[in-house]
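Taking it in order: structure first as structure tokens, then the write-up.
The values are calculated or read from the model by the stated rules, or taken from the named source; none is laboratory data. Note that the structure is a prediction, hence the values are computed from the model and not measured. When we count neighbours, we look across all protein chains shown, and the Cβ atoms used for this are built from the backbone with ideal geometry, even at glycine.
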Amino acid sequence: MSQTVIIRGEDQRRLAKHLIDRAPTDAVVTIKEGTRTPDQNRLMWAMLSDIARAKPEGRVWPPETWKAAFMSALGHEIVWQPGIDGAPAFPAGFRTSRLSKAGMADLITFIAAYGDKHGVRWSDEARAA
């Protein structure tokens, strides 16, 4: 039996305690911070698109490449794989969906600082979030 409880209030906290009290011997309990929110994800992509359009430092990269560059700059493992049939290499081995809310907030802050430093004009979507 496997059960996941997202603690958003006292009801979920009570349920988690109840499940632990009823857990069989050798059960495994993992408590971790929740992953990034949909709002954080929308903000990140809006900001990455704004940076891609601005082409800071003459870099003509799509948003996906910018994401890989920022993840790498923050110390997340990035592995570049060779493309198929002569296509360019592509980044693999990273997923922002696995970042905690705090980790995603750090990434967004880093993207914002880089964009501000390079005069990126933020879109309404990026500013609204």
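General remarks:
- Matching residues, the stretch 56-74, being under 16 Å from Ala113 (Cβ atoms) and in a loop (DSSP other than H, G, I, E, B): Leu74
- Each residue in the stretch 94-129 was checked for being farther than 16 Å from Pro63 by Cβ, in a helix (DSSP H, G or I) and over 17 Å from the mean Cα position of the chain (by Cα), and 5 of them qualify.
- Any hit, the stretch 38-48, residues being modelled with pLDDT of 90 or more and either hydroxyl-bearing (Ser, Thr, Tyr) or not assigned by TED's automatic domain parsing to the domain that holds Asp106 (or both): no
Results for (1) more than 24 Å from Lys32 (Cα to Cα); (2) buried (at least 16 other Cβ atoms within 10 Å of the Cβ); (3) at pLDDT below 90; (4) touching a Cys at 6+ places or on another chain (Cβ under 8 Å), shown as yes or no for each residue.
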| position | (1), (2), (3), (4) |
| --- | --- |
| Trp66 | yes, yes, no, no |
| Leu74 | no, no, no, no |
| Asp85 | yes, no, no, no |
| Arg98 | no, no, yes, no |
| Met104 | no, yes, no, no |
| Thr109 | no, no, no, no |
| Ala113 | yes, no, no, no |
| Lys117 | yes, no, no, no |
| Arg127 | yes, no, yes, no |
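- Filter pass, Ile20 being within 16 Å of Phe110 (Cβ to Cβ), among the aliphatic types (A, V, I, L, M), in a helix (DSSP H, G or I) and more than 14 Å from the chain's Cα centre (by Cα): no
- Among (1) modelled with pLDDT of 90 or more; (2) surrounded by 11 or more Cβ atoms within 10 Å (Cβ to Cβ); (3) of a type in the set (Val, Ile, Thr); (4) more than 12 Å from the chain's Cα centre (by Cα), the one test that Ile78 misses: (1)
- One residue alone among Ile51, Ile31, Ile6 is in contact (Cβ under 8 Å) with a residue 24 or more places away in the chain and over 19 Å from Thr109 (Cα atoms), and that residue is Ile6.
- Hits in the stretch 114-129 - residues which are among the small types (Gly, Ala, Ser) and without any contact (Cβ under 8 Å) to a residue 24 or more places away in the chain: Ala128
- Some residue of the stretch 30-41 being surrounded by 13 or more Cβ atoms within 10 Å (Cβ to Cβ) and touching a Gly at 6+ places or on another chain (Cβ under 7 Å): no
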